[in-house]
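The structure appears right after this line, and notes come after that.
Taken together, the values in this text are just the output of simple stated rules run on the coordinates, not laboratory data. Note that the structure is predicted; figures quoted are calculated from it, not measured. Every residue, glycine as well, gets a Cβ built from its backbone with ideal geometry; the counts of neighbours run over all protein chains shown.
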Amino acid sequence: MHKLTLKELSAQLQARKISATELATLFLDRIAASDLNAFLHVDRDLTLAQAKAADVRLAGNDAGPLTGVPIAHKDIFVTRNWRTTAGSRMLQDYVSPFDATVVEQFNAAGTVTLGKLNCDEFAMGSSNENSFYGAVKNPWDKTAIPGGSSGGSAAAVAARLAPAATATDTGGSIRQPASLCGVTGIKPTYGSVSRYGMIAFASSLDQGGPIAKTAEDCGLLLNAMTGFDERDSTSLQRPKEDFTRSLNQSLQGLRIGVPKEFFGAGLAADVEAAVRAALAEFEKLGATLVEISLPKTELSIPVYYVIAPAEASSNLSRFDGVRYGHRAADYKDLADMYKKSRAEGFGDEVKRRILVGSYVLSHGYYDAYYLQAQKIRRLIAEDFQRALAGENRQCDVIMGPVSPTVAWDLGDKTDDPVANYLADIFTLSTSLAGLPGMSIPCGFGQGEKNGKRPVGLQIIGNYFDEARLLNVAHQFQKATDWHLREPA
Ligand code: GLN
């Protein structure tokens, strides 16, 4: 039962083959037996109470497609009952007085919350090793990182501890862990998913989305989690859409843009081989490959690592030991209390970003760094528009690797923040442009010590083209079985 997709689980629930309570119990038992450190908070009673309510809805024929389906939430979405830590010591015992909009939407749909998932502190990281609560292990090889920052979400779905999970992506944190754990994830167009109650990292980039086994399941989850929210000032005012509406279209004639900048030096040979094989599979499905150029790709790293820390330094100023979270036990005066509380509450990577962010926003450096980065951000977005939009557009979707390598070993890059930043090369530009992007499993790397390590294919589309991306992924998943492979 734990191997089934959301779609299949939903059918089992509707047909009364299993109850929401039985299903929740099954996953809670799997979580209790797991040693991956994917979950930060589990509360059986709360979960089972939700399951019971779902069973009442199912019995009363008041159920939607997600009623009774268990999912888990990244610990960056605030929840009224479960603690919310954002992977930080700062919020160690924090319980929110309200639910994030995303959580509210899922609760209304009748999903059953299995618990809160580990992540890098305030979603800053690519390996989950920045979590105050310890790294998550990659279920394919427990000596490897799961990716980040949504490492708990990706590892939980890969290990079948949850059939699906929420996640967030600021510069790749849905796509990269999905890729490194061999699961499917999508970051929708910026503004599609409400950021209300999603603890802020870099507000102009942060975007929620789902991680699941299949593209079809991601569509079902997006149906529940998107929509206008007046409490989020950058929420898009668009009519509700059905993200599964295009799922059975042929790929005949689809033009796939293959950016040459995504296949240069630095891309590991095993990742390149798996991605090229996937592209060949798409050709068999009727698509044609077109070489394109996204010349500003390389600049996305310096641009992102100016803009994201700048916004983070502002967002994280609210953690002052007064309004939220950790307060130092001993201090001399108010300034000393701020300093000690923040010094104790934040980890090294968060402090590094606050320092960088404060620096690039300060008088004299603002024009040189922050403003310059904003200008290049626009040029990066224009690269994509040349490829994907207008009369002379070259392609319908763009494909390439998600990560330049398979998952690296735990501990390998912990002393070298820049090595972590460089691993974001293929995901940052999509985020800076606000475009939708997804990752689907497409193979495995070669020659690892302790087990196979998955490779993900990235699929990027123009704004609001999620339904097409999901169909493109779905057709691939109908023709291949990478998404059904499971860790031992
Ligand atoms: N790895 C990137 C960072 O550390 C992206 C993180 C994210 O998307 N939340 O900022």
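Miscellaneous remarks
- Segment 368-451 shape via C-alpha gyration tensor axes, a/c threshold 1.5: oblate
- When +1 charges are put on Lys and Arg Cβ atoms and -1 charges on Asp and Glu Cβ atoms, the dipole computed for the chain relative to its Cα centre reaches about 420 debye.
- P(r) histogram, all alpha-carbon pairs of the chain included - 20 Å bins from 0, percent: 26, 59, 14, 0
- Over 31 Å apart at the Cα level, from the set Lys74/Lys284; Lys116/Lys413; Lys7/Lys351; Lys137/Lys332, are Lys74/Lys284; Lys7/Lys351; Lys137/Lys332.
- Simple spin-label estimate for Ala368 and Ala32 in nanometres, 7 Å along Cα-Cβ: 5.9
- Positive-end residue of Val102, Met438, Ala86, charge dipole of the chain with Cβ unit charges: Val102
- Estimated Rh, segment 220-324: Kirkwood, alpha-carbon pairs, angstrom: 18.7
- Three-way shape label, segment 148-265, alpha-carbon gyration tensor, a/c 1.5: rounded
- Note on the chain: helix-only mean residue ellipticity at 222 nm, from DSSP H runs of 4+ residues weighted -39500 (n - 2.57) and normalised by residue number, equals -11000 deg cm²/dmol.
- Residue ranges 357-366, 435-444 sort as 435-444, 357-366 when ordered by packing (mean number of other C-beta atoms within 10 Å per residue, highest first).
- Rounded to the nearest 20, the Cβ-based charge dipole of segment 326-396 about its Cα centre (Lys and Arg +1, Asp and Glu -1) stands at 140 debye.
- Placing unit charges on the Cβ atoms only, positive for Lys and Arg and negative for Asp and Glu, gives segment 265-358 a dipole magnitude near 540 debye about its Cα centre.
- Three-way shape label, segment 342-488, alpha-carbon gyration tensor, a/c 1.5: oblate
- Among Val183, Leu279, Leu428 - extreme Cα towards positive end, dipole of the chain, charges at beta-carbon: Val183
- Cβ-based charge dipole, the chain, positive-most Cα from Ser233, Trp140, Gln12: Gln12
- Footprinting exposure proxy ranking of Glu344, Glu291, fewest other C-beta atoms within 10 angstrom first, gives Glu291, Glu344.
- Rounded Å value of the spacing that divides the Cα centres of segment 77-117 and segment 328-366: 26
- Normalising the Debye intensity of segment 305-394 to I(0), with uniform scatterers on Cα atoms only, and taking log10 at q = 0.14, 0.15 Å⁻¹ returns -0.63, -0.69.
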